[in-house]
Amino acid sequence: MTEYRWQDVRDRACVLFNDTPRDVQEDAVAEAFMKRPKAVIDKIEEIGQAVKNGRISYGWPLMAKLAKGLGEGLAESPLVASDGAEREKRVRLAKIWMMNAGIHFPTEGEIEDELFGDGGSLRQWRDDRELVQEFLTMFTDVARPIGEQLDREELERAERHKESRRKLAAMTPEEKRDLAMEIRAKLDKRSTERPEKPIPTTFDGVVREMD
């Protein structure tokens, strides 16, 4: 079960908005947080991005205005809110990311910063050292070895390509012509050896293949 603490969310908003709230603004956002914590957190991130991009100058007034709509008609809960389903979703997506993009990261520190840093998808659980260690172990034992193997294969392909270009550059025009003819002959032979696919026919509703 995931816990969201208002103080942590407030501090995050102050960083994103580059500003501190007035008391009335903080009260409005905190009240909405007690009812819909995840919705408030998502809206803070959205407004924070708008501030960063220069679309708006002040985040707290807009957040306070939107918070009134987020919290209407819902019962309050403590200033520590839980959302286990959201954590499970984020962890699952982070593991998929690890096996696609994370395999190319060189160090554990960069993985931890990417996932649990200020912009990471798991930043809300950065203090859960067990979860952090789970991902670092996954990176060290599974993801990075795959990435290193792919890196080696890429280097080998590059070296083979480089060597082929070097040999080609050293050939005389006659040798290049002979090589081209040899390659063409191999391709022609391969195409003539390829078996033709039988043509299916339909008779009385039964699909048959012609001999």
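Here are a few things to note about the model shown:
- One residue from E114, E148, E134 being in contact with a Phe, Trp or Tyr (Cβ under 8 Å, 6 or more places away or on another chain) and of a type outside the set (A, V, I, L, M): E114
- Residues of the stretch 27-74 that are surrounded by fewer than 19 Cβ atoms within 10 Å (Cβ to Cβ), in a helix (DSSP H, G or I) and charged (D, E, K, R): D27, E31, K35, K38, D42, E45, E46, K52, K65, K68.
- Contact map, the stretch 22-37: first residue within 13 Å of P61 (Cβ to Cβ), second residue in a helix (DSSP H, G or I) and aromatic (F, W, Y), Cβ cut-off under 6 Å, separation 6 or more or different chains; pairs are Q25/W60.
- Of the residues making up the stretch 113-133, one or more are assigned to a helix (DSSP H, G or I) and closer than 25 Å to E154 by Cα.
- A64 satisfies every condition listed in (1) modelled with pLDDT of 90 or more; (2) under 25 Å from the mean Cα position of the chain (by Cα); (3) of a type in the set (A, V, I, L, M) except (2).
- Answer residue from the stretch 107-126, given it is modelled with pLDDT under 90 and over 16 Å from the mean Cα position of the chain (by Cα) and is surrounded by the fewest Cβ atoms within 10 Å (Cβ to Cβ) among those: R126
- Residue list for the stretch 1-26, restricted to those being buried (at least 19 other Cβ atoms within 10 Å of the Cβ) and in contact with a Pro (Cβ under 8 Å, 6 or more places away or on another chain): V9, A13, Q25
The values are calculated or read from the model by the stated rules, or taken from the named source; none is laboratory data. Bear in mind that the values here come from a model prediction, so they are computed numbers and not experimental data. Because the Cβ atoms are built from the backbone with ideal geometry, glycine has one as well, and the counts that use them run over all protein chains shown.
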